[in-house]
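One structure below.
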Amino acid sequence: MSNYVERPWDFLERLGNAKPEAHLFWGPTSAGMRGMSFKEVLKSRKAANDETSASNHARIAPPQWLYFTRVRRVLIIFAHIALVAASYLLAYLVRFDFSIPSVQVKWFLITLPLLLVIRTTAFAQFRLFEGLWRYTSVVDAVAIVKATTISSLVFITTALIFWGQGFSRGIFLLDFLMCLGLQGGLRLSIRAFKEWRSYDSSAPAKRVLIVGAGGAAESLIRSLQASRSMHFQIVGLVDDDVRKRTVSIRGARVLGSITDIPYICSSFDIEEVFLATPSATPEEQHRIAQICRKSHVVVRSVPSLRDLVDGKAWIGQLQKVEPEDLLDREVVQVEVDRLRGEIEGHSILVTGAAGSIGSELCRQIAAFNPERLVLYERAESNLYFAALDLKQRHPDLNIIPVIGDITDRQKVSEVIDRHAPDLIYHAAAYKHVPLMEDYPLEAITNNVFGTEVMVDAAASGGVRKFVLISTDKAV
């Protein structure tokens with residue numbers, strides 16, 4: 001039974017021939033239809049309805065990408081069918097030295113449709129029509145082998161049952177091998193072509209040495225080779241496993257052990273070292289980083305194994321090795337709450353406040369909002385800019401710059417009596433050891449006697465805590 005429902009104006013149109021001069025006045029459009037014949041009104045209404053239907057159809061039309069996906073799927077299916085037919089034909093040509101007898105031509109034409117149906121069904125079951133050939137992998141290769149093997153067994157069984165004797169048995173093996181070669185070879189060729197096109201030879205490539213010759217190294221090399229934005233030349237790999245000394249991974253050869261890194265870096269002009277050892281212990285990572293540091297190259301590391309397993313990172317996300325990775329100890333965790341209790345609302349004095357250590361110390365102390373921050377420094381220019389920087393960062397903080405020398409006992413006592421510091425950070429010192437070795441008396445006067453003056457003044461001034469900064473004072 002038809003689901004078509006006749007529209008009112010279709011019915012009236014059939015009656016319109018009986019009353020051609022009739023006029024209709026429908027709703028708000030009646031004014032525009034005055035003077036129109038019955039048929040003209042009906043045609044106008046029908047055209048408006050058809051336009052509305054077309055508009056609604058356009059709104060629910062499938063997206064363009066879906067159309068191209070369907071076309072691509074059809075083309076891929078036909079490509080597989082063509083490859084199956086070509087492999088079968090090649091099997092006959094090879095078997096009969098490229099001169100197929102007329103009897104075998106008959107068998108070829110009889111069995112080809114059956115082979116096409118069986119192979120196409122098997123390929124569909126193993127989803128060979130869905131993958132992108134540019135990303136062909138081992139998984140796709142395994143699927144091709146399974147689909148080709150199963151379809152060949154089905155074809156051989158069917159052919160022997162229905163036709164028995166009649167054609168060469170060697171065709172089965174040759175067809176199996178030809179099908180594997182064409183199906184897999186075409187995919188690999190397309191992937192190789194895409195990777196070749198993605199490589200920008202005009203961009204300078206950094207020479208890279210990879211530490212580790214395991215699965216992480218293979219994944220990293222594959223990721224780097226497939227990336228268009230990364231320009232690296234993999235010179236080689238190093239690994240302590242002696243069994244890997246003569247192997248190559250994706251074209252990169254193992255050049256030696258980890259202890260050979262400095263020699264390899266200098267011999268092969270290595271610019272960066274990538275640590276592809278996500279499962280290494282912290283001690284092993286530290287040892288490797290220490291060896292790499294001797295070569296004065298940029299060191300990067302793949303994410304940790306836990307981040308890779310948890311999906312928080314991927315193998316190609318290289319992280320620059322930070323200084324704390326090279327420490328001979330665990331990173332010290334700062335007790336922020338304890339520091340805040342000692343600094344916030346208290347008077348703090350910092351000596352050598354404009355130096356490299358003292359200025360950074362002042363910036364960190366200022367973040368804890370002390371009652372006042374006294375900057376004690378004898379280099380007036382550096383002191384001026386250090387105080388200016390702190391005032392810009394913390395406009396509400398009471399910052400007091402004081403010019404003075406830590407060896408001036410009277411000056412130090414006056415400053416402590418005037419500002420009554422609860423805590424003194426003593427960072428003033430001569431720190432350039434090679435230079436101070438030529439002036440030992442000045443180094444002793446400043447670093448040793450100056451520290452003595454600060455300690456005595458702090459003790460007599462009732463300072464609650466005195467913190468000695470920098471071990472250079474012991475030199």
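Among the listed pairs Lys106/Lys146; Lys411/Lys465; Lys206/Lys431, a Cα-Cα separation exceeding 25 Å is found for Lys106/Lys146; Lys206/Lys431. From most to least packed by mean Cβ count within 10 Å, the peptides 247-259, 445-457, 343-355 give 343-355, 445-457, 247-259.
Inter-label distance, Val336 to Asp438: 4.5 nm, where each label sits 7 Å from its Cα along the C-beta direction.
So if each residue of separation counts as 0.36 nm, and I subtract the Cα-Cα distance between Leu188 and Arg418, what length gain in nm does that give? Could the numbers behind the result be given before it?
Details: separation 230, 0.36 × 230 = 82.80 nm, distance 8.13 nm.
Taking Leu188 through Arg418 to full extension adds about 74.7 nm, to one decimal.
Carbon and sulfur: what percent of region 333-475's accessible surface (1.4 Å probe)? Roughly 52 percent, rounded to a whole number. Taking the centroid of alpha carbons for each part, region 214-290 and region 119-163 are 38 Å apart.
The values are calculated or read from the model by the stated rules, or taken from the named source; none is laboratory data. On a predicted model such as this, the values are computed, not experimentally measured, just so you know. Note that we place each Cβ from the backbone using ideal geometry, even for glycine, and neighbour counts take in every protein chain shown. Keep in mind that these areas ignore ligands, DNA and RNA; they rest on the heavy atoms of the full protein, side chains included. Shrake-Rupley method; radii C 1.70, N 1.55, O 1.52, S 1.80 Å.
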